[in-house]
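> A single structure is presented below for examination.
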4 protein chains.
Amino acid sequence: MSFNTFGHMFRVTTFGESHGPALGCVVDGCPPHIPLKPADIQQHLDRRRPGQSRFTTQRREPDAVKILSGVFQDPATGEDVTTGTPIMLLIENVDQRSKDYAEIKDIYRPGHAGLTYDFKYGFHDYRGGGRASARETAARVAAGAVARKVVPGLMVRGALVQMGPHKVDREKWDWAEIDRNPFFCPDAERAAFFADYLDEIRKRGSSIGAVIEIIAEGVPSGLGAPVYGKLDGDLAAGLMGINAVKGVEIGEGFAVAALTGEENADEIRMGNDGRPRFLSNHAGGILGGISTGQLVIARFAVKPTSSILTPRRTVDRFGNETEVVTKGRHDPCVGIRAVPIGEAMVACVIADHYLRQRGQVGGPAVWPFPK
Amino acid sequence: MSFNTFGHMFRVTTFGESHGPALGCVVDGCPPHIPLKPADIQQHLDRRRPGQSRFTTQRREPDAVKILSGVFQDPATGEDVTTGTPIMLLIENVDQRSKDYAEIKDIYRPGHAGLTYDFKYGFHDYRGGGRASARETAARVAAGAVARKVVPGLMVRGALVQMGPHKVDREKWDWAEIDRNPFFCPDAERAAFFADYLDEIRKRGSSIGAVIEIIAEGVPSGLGAPVYGKLDGDLAAGLMGINAVKGVEIGEGFAVAALTGEENADEIRMGNDGRPRFLSNHAGGILGGISTGQLVIARFAVKPTSSILTPRRTVDRFGNETEVVTKGRHDPCVGIRAVPIGEAMVACVIADHYLRQRGQVGGPAVWPFPK
Amino acid sequence: MSFNTFGHMFRVTTFGESHGPALGCVVDGCPPHIPLKPADIQQHLDRRRPGQSRFTTQRREPDAVKILSGVFQDPATGEDVTTGTPIMLLIENVDQRSKDYAEIKDIYRPGHAGLTYDFKYGFHDYRGGGRASARETAARVAAGAVARKVVPGLMVRGALVQMGPHKVDREKWDWAEIDRNPFFCPDAERAAFFADYLDEIRKRGSSIGAVIEIIAEGVPSGLGAPVYGKLDGDLAAGLMGINAVKGVEIGEGFAVAALTGEENADEIRMGNDGRPRFLSNHAGGILGGISTGQLVIARFAVKPTSSILTPRRTVDRFGNETEVVTKGRHDPCVGIRAVPIGEAMVACVIADHYLRQRGQVGGPAVWPFPK
Amino acid sequence: MSFNTFGHMFRVTTFGESHGPALGCVVDGCPPHIPLKPADIQQHLDRRRPGQSRFTTQRREPDAVKILSGVFQDPATGEDVTTGTPIMLLIENVDQRSKDYAEIKDIYRPGHAGLTYDFKYGFHDYRGGGRASARETAARVAAGAVARKVVPGLMVRGALVQMGPHKVDREKWDWAEIDRNPFFCPDAERAAFFADYLDEIRKRGSSIGAVIEIIAEGVPSGLGAPVYGKLDGDLAAGLMGINAVKGVEIGEGFAVAALTGEENADEIRMGNDGRPRFLSNHAGGILGGISTGQLVIARFAVKPTSSILTPRRTVDRFGNETEVVTKGRHDPCVGIRAVPIGEAMVACVIADHYLRQRGQVGGPAVWPFPK
């Protein structure tokens, strides 16, 4: 893992700035013979794509993906499949309005990375946040679409479970609702509430935070490793590395602090399939850094968009004190579009560990070991 | 970063099981000319060492560290300093009571990694948790002691801020208190309460979770990188990779979900030193994955020790259903000893990024860039 | 270093097949503030470009490079400079004649990688060699052009020093000759001979091997590291990884086998600059894996092009025995165009070690250490 | 691969100096369930061990290896097997005569790494070469002993094929001879000649170079990868990284320069096993960076020991010009003991690629791909 590469066996290297000609990624290490066509990727990009409701930025980006390498016609089936060589996914930027940024090019916007980029590099591409823009995450979603196909039976889904102080009612969780509202909210009632709630915030030029939950189904047991290759450690890195994320939890998360050992224990019985079966899942599907075979459950907190209409005190690149108001086009709750991004990161981590496990141990997890 | 290596420029590879002959680590990439003697490391190991109060396991391990390589007498000063070659730190195990484990060697203890290790590898060293034991963290603390010396002016301190549902009072935070109670608790009053609270838990053979906060002072601005080399991403991986950790936060953490953009903004003015100065630190010292020069603030949640006296339902290696009670010697709140471990991981991440920043950009952070 | 990534701090990830839509690379870890425009890269691509004489393949590829990210206008100078974020270099394929390959798509050509790709992946993109094509090296040359700018004062030049059994006369070495003949040959007389020699080989549809020498000037002392980060170890990996290379030498290379310790010793005196000065350079500028500050000298052997007109016995993908003749467009001596590729790999390795040295030790090499 | 780590899935991290308390390595990523006892490793260490004939240094090191972690009793067989966690191999130094080095501690010996270490780090552990000592290679041999067991059916053997200008007669190659003479020489007649030849060199305090050939049998087809994970690229890095090595060849090596395409082609027919069979092996078992299933053949050139009795001109650490004679205990032909070291590096590279191949592609190489 370097500055712009994620993963070990399934490796994703992304590039590109918000207002440059294009962004994208190179996926290296993908197994061969996996059917892959642009539509497989596009469907996930379309979920992240801006401009689909009044609750996301009005920038109009088709986010159309091109596969430039690593895919070829399978001689047996005639279908396009991965070849095992690097898969290059390119997304051209179309709707850059760099002029929006000209007037604030020397002014640091609180909560944005402009100042820290300057602390590090001495200057930065200020247009639309440059490399620090959430547009970079389109490349992650594209890579994640490939990752999803690497692990047979894997399904990774996400949901917005909290906006502001308002949580969804888990009793009313319905995955089908996710696609029916612009919030990826699994609770229809809460979604209706969110529409009004966020409208009010949007109209006054403010913004609000959110919590996203990602659930991975079909994760084989035995993925992950001691002690720095833990599945939860890599999930934490992947999710915390998404723009604006300030917290990550696995399973019970911070709630474990208040639990006793008795309460937190996931007891075990034998399942009908002859394998051990957990009676609960406080652990979020990971014990000792290794997957249990249960649902893998992760949550992350996304801060409110820093671009707001209320003037904030700041300084400019020349050391002058000033105030800034961010006009431009922005998401009032950037957490919403983080749902498909979180899914993508989780899928990439699981695909990577699936291949690493296969490399070290040689195949599907083994249990029980012959006595 | 492989399974048992952490970091990129400052790389730590650990090895060893709880009841094997020894454990330790190899630190590779450390700069030369850093004064290093065993006592520099020992002082931190002693803080993590078990058996120092009735609130931690009674296993008696001196945790005496030996430096086997990478240090030599500086010809100018006569002092032992790092040479730039790998530093090998060895800690011998002394007080293994493997017999304690013989009777439960085939039984999976809920909350322990035995079952997932078997899912992955087919079998495991069951004595004291083997590689999954918290003893491995002694190697991390040793590596962290070296890391602390890599970044000039860096001070990394930790505190237990919550045990069970009980939080410390931040108004009463006194760093000097940390060393005066067996909980690394910065609030003297709360520490007194914790003594009774944990005694009660310990006596009934139960356990409880905790939240730890790590604060790094003297972190230069400009450390970290887009987009997968983010400082917060690497901190999350490092902290989530500590045994029993289920959640990680930076700055406001999960509280950001309920904040508006106005509330969360860290406004900026010019400081007396001619550099920008933030008026608050909701961000926990990191923006866009890069350090701001403020305090870096991270928190993590530690689950209650899984080893408890109350019988839990489980299965054995042969597929028989049974119950298990963990006797042995255990910490009723494993979060306590996680404080020096968390400090070590934070120090390692910062040292790594300090060297990576120096490599790419060539020296201390630059601001302002010449106009 | 993964399958398609080279380097550690200065990291190059390449992608693309010979007859796909495009190939290119992502350069990650490049320092900021380095002036970089397409012409800086194009001049090196033009030296590798096919179709420039009758001695190279007649495929007509402009090899025009586009910079898609990682470069922005320096606010101080108005010049385009690197930003420190990933630099994406794209080269579109233009003159693919995939039909040339249709008739041999199922037949393994001896000396080509088609069969081993199938052994590994089960199938491969057969058009023009796919990923194993020498076209991939255009991406290396592009990355090398960036690498050359990373190390101040670095000059990396290469020359063809042997074709078939015929070596150049080192007494007649003239760097200016390199650009005056189509062989990158530093010996004008030998170059004239090579024109006739290679014409004869070309006309009869045969091919011939070659030896290339790369000389790097201005390599700071102190680059490289014990024991698996040796400068010569990484040079060997980089050069052996070029298509068709079967041997690599540093300094005296294989000739050391016949030397005594007295003959091989590079004696040392004090130079006028107050630093040690070697009286010879049998070592090729590297001792113990670390640069001495002298010229770094490497050589590599390139096998004859496998694509020849003489029928060779082989098999097809279905297990039928057959014969194959390679028509298409090919270089009779693929070693010629390996000169700029070898330069690029050497430049990348040196740039990488320059940054790694700076990261670990903090700046230019230090000597003498204060007494 | 960092400074002191080698490999990706099968990762070896070594540490230790010639005259420190110990040296060794951590092997990470090794599959579980591989029987491993100290004797498996010791037999290879004993072949590299000094002091076994008058032709190697008289330093008396038992090189006794201890396994400190990563091995546990298999519950099914009772045998000690790897667990999948890091394997720590420790070798204590016993016969350090550091006083031998006191008088030359400030003097740079031509051909040694002392000066370049000082250029890099400002000072170094001068005792016996410190980290640059050939003693470090004991750790490689130990790791290689583990690597040999990772790939079923793999046999890696080496031989000294040239000493000074004198090559072995390949017609007289007999693997059984290797163990019958102190030179690892496969040609009995040549071995007898070498005894006199090297005695003469040894007696006059001189030294001589050598060429070593390593042959790996049982390498599955399909190992390696485009384009920076080539099997030959990694072999080149591994072999060039051995102390005193100045050249590496695969298959025909530098001889390819003088071959035509017709001569160099390895033609193919169908074998009795229904798989393609090569009629020759100019390629040394590797095409396009991927193994063909034939013998993998590599050679490397080792320079003459730099420690000789003839005075050589040099300088000291303070900039004074002087002369140096190296007394101490040294090998007159350091190439001899490089044979087991070369074997170890080749075994490590193959084991690494075996696991990487299994990770990406999922198991043994596939051919033919279903039509």
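The values are calculated or read from the model by the stated rules, or taken from the named source; none is laboratory data. Just so it is clear, the structure is predicted and the values come from calculations on it, not from any experiment. No Cβ is skipped: glycine too gets one built from the backbone with ideal geometry, and neighbour counts run over all protein chains shown. Keep in mind that these areas ignore ligands, DNA and RNA; they rest on the heavy atoms of the full protein, side chains included. Shrake-Rupley method; radii C 1.70, N 1.55, O 1.52, S 1.80 Å.
Residue-by-condition table, conditions (1) hydrophobic (A, V, I, L, M, F, W, C); (2) open to solvent by less than 30 Å² (accessible area, probe 1.4 Å); (3) in contact with a helix residue (DSSP H, G or I) (Cβ under 6 Å, 6 or more places away or on another chain):
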{"site": "A:280", "(1), (2), (3)": "no, no, no"}
{"site": "A:284", "(1), (2), (3)": "no, yes, no"}
{"site": "A:287", "(1), (2), (3)": "yes, yes, yes"}
{"site": "A:304", "(1), (2), (3)": "no, yes, yes"}
{"site": "A:312", "(1), (2), (3)": "no, no, no"}
{"site": "A:322", "(1), (2), (3)": "no, no, no"}
{"site": "A:326", "(1), (2), (3)": "no, yes, no"}
{"site": "A:337", "(1), (2), (3)": "no, yes, yes"}
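> I'm told residue B:177 meets every condition in (1) more than 30 Å from residue A:253 (Cβ to Cβ); (2) in a helix (DSSP H, G or I); (3) open to solvent by 10 Å² or more (accessible area, probe 1.4 Å) except one. Can you identify the failing condition by its number?
(1)
> Please enumerate the residues belonging to the stretch C:189-209 that are hydroxyl-bearing (Ser, Thr, Tyr) and touching a Cys at 6+ places or on another chain (Cβ under 7 Å).
C:207
> Got a number for residues in the stretch A:193-219 being within 24 Å of residue A:343 (Cα to Cα), part of a helix (DSSP H, G or I) and either within 11 Å of another protein chain (Cβ to nearest Cβ) or open to solvent by 10 Å² or more (accessible area, probe 1.4 Å) (or both)?
The total comes to 1.
> Go through the stretch A:38-66 and count every residue that is more than 19 Å from the chain's Cα centre (by Cα), farther than 25 Å from residue C:66 by Cα and modelled with pLDDT of 95 or more.
Qualifying residue count, the stretch A:38-66: 1.
> Please enumerate the residues belonging to the stretch A:54-76 that are part of a loop (DSSP other than H, G, I, E, B) and touching a residue at least 40 places away in the same chain (Cβ under 8 Å).
A:54, A:55, A:56, A:57, A:58, A:59, A:61, A:63, A:70, A:74
> Separate question: When residues of the stretch B:1-53 are filtered for being hydrophobic (A, V, I, L, M, F, W, C), in contact (Cβ under 8 Å) with a residue 60 or more places away in the chain and away from chain A (no Cβ under 14 Å), how many remain?
6
> Residue by residue through the stretch A:238-278, note down the ones that are part of a loop (DSSP other than H, G, I, E, B), more than 7 Å from chain B (Cβ to nearest Cβ) and either within 31 Å of the chain's Cα centre (by Cα) or under 30 Å from residue B:266 (Cβ atoms) (or both).
Hits for the stretch A:238-278 are A:242, A:243, A:244.
> Further question on the same structure: Anything in the stretch C:255-310 that is of a type in the set (Asp, Glu) and in contact with a His (Cβ under 6 Å, 6 or more places away or on another chain)? List them, or say none.
Scanning the stretch C:255-310 gives a single hit, C:266.
> Which number in (1) over 28 Å from residue D:138 (Cβ atoms); (2) of a type outside the set (Gly, Ala, Ser); (3) open to solvent by 10 Å² or more (accessible area, probe 1.4 Å); (4) in a helix (DSSP H, G or I) marks the one condition that residue D:354 misses?
Exception for residue D:354: condition (1).
> Right, here's the next one. So is residue D:99 open to solvent by 60 Å² or more (accessible area, probe 1.4 Å), away from chain C (no Cβ under 14 Å) and within 28 Å of residue B:124 (Cβ to Cβ) or not?
no
> Still on this structure, please answer the following. Applying the selection to the stretch B:28-53, what residues are open to solvent by less than 50 Å² (accessible area, probe 1.4 Å) and part of a loop (DSSP other than H, G, I, E, B)?
Selection gives B:29, B:30, B:31, B:32, B:34, B:36, B:50, B:51, B:53.
Residue-by-condition table, conditions (1) in a loop (DSSP other than H, G, I, E, B); (2) without any contact (Cβ under 8 Å) to a residue 24 or more places away in the chain; (3) buried (at least 24 other Cβ atoms within 10 Å of the Cβ):
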position	(1), (2), (3)
D:110	yes, no, yes
D:115	no, yes, yes
D:119	no, yes, yes
D:125	yes, no, yes
D:158	no, no, yes
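> May I ask you to list the residues in the stretch D:289-302 that are surrounded by fewer than 24 Cβ atoms within 10 Å (Cβ to Cβ) and either touching a Leu at 6+ places or on another chain (Cβ under 6 Å) or in a strand (DSSP E or B) (or both)?
D:297
> Residue D:66 - would you say it is within 12 Å of chain B (Cβ to nearest Cβ) and open to solvent by 10 Å² or more (accessible area, probe 1.4 Å)?
It is true that residue D:66 is within 12 Å of chain B (Cβ to nearest Cβ) and open to solvent by 10 Å² or more (accessible area, probe 1.4 Å).
> Going through the stretch A:262-308 one residue at a time, which ones are closer than 18 Å to residue B:301 by Cα and basic (Lys, Arg)?
A:299
> Could you count how many residues in the stretch D:301-349 are small (Gly, Ala, Ser) and away from chain C (no Cβ under 11 Å)?
Residues that pass the stated criteria total 5.
> Just a yes or no: is a residue in the stretch A:79-92 open to solvent by 30 Å² or more (accessible area, probe 1.4 Å), modelled with pLDDT of 95 or more and either more than 26 Å from the chain's Cα centre (by Cα) or within 14 Å of chain B (Cβ to nearest Cβ) (or both)?
Yes, there is a match, as at least one residue in the stretch A:79-92 is open to solvent by 30 Å² or more (accessible area, probe 1.4 Å), modelled with pLDDT of 95 or more and either more than 26 Å from the chain's Cα centre (by Cα) or within 14 Å of chain B (Cβ to nearest Cβ) (or both).
> In the stretch B:127-156, what residues are open to solvent by 10 Å² or more (accessible area, probe 1.4 Å) and in contact with a Gly (Cβ under 6 Å, 6 or more places away or on another chain)?
B:132, B:153, B:154, B:155
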